[in-house]
Amino acid sequence: MKIKVNGEEKKIKLDQDNALLSKALNLMGYKPNTIVVELNNLIINSINWEKVKLKDGDNLEIVSIVGGG
C-alpha cells in the first residue's frame, strides 16, 4: 500500500482488508502517546486509530509531541 506521510510517499506492508491506522503507525515506528495524526486533513482521535482503515493514496500528517522547558 502506498500512502503519503508528512509529504513523502511511503510503501507499507498492509493489505487493504487489514490496513488499520494503528497498525500502520506501529509499522512506521511511531509511539501512540507522543503523536497527533491527521488523515486527509482531518485530525483523528487516538481512541479511533483501531477503527480507521487506510487506503492507497491516503495522506497522513504526523506531528510528534515534544516536552521541554
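Scanning the range 19-28 for residues that are of a type outside the set (D, E, K, R) and open to solvent by 60 Å² or more (accessible area, probe 1.4 Å), we see that the one that is farthest from V66 (Cα to Cα) is L27.
The residues listed here are K11, K2; of these, the one that is open to solvent by 30 Å² or more (accessible area, probe 1.4 Å), charged (D, E, K, R), in contact with a Lys or Arg (Cβ under 8 Å, 6 or more places away or on another chain) and free of Cβ contacts under 8 Å to residues at least 12 places away in the same chain is K11.
Taking the chain and the strands (runs of 3 or more DSSP E) fully enclosed by it, the elements with 2 or more residues that are in contact with a Ser or Thr (Cβ under 8 Å, 6 or more places away or on another chain) are at 35-39.
The values are calculated or read from the model by the stated rules, or taken from the named source; none is laboratory data. Since this is a predicted model, take the numbers as computed values, not measurements. So basically every Cβ, Gly included, is an ideal-geometry build from the backbone, and we count neighbours across all protein chains shown. To get the accessible areas, we keep the full protein, side chains included, count just its heavy atoms, and leave off ligands, DNA and RNA. Shrake-Rupley method; radii C 1.70, N 1.55, O 1.52, S 1.80 Å.
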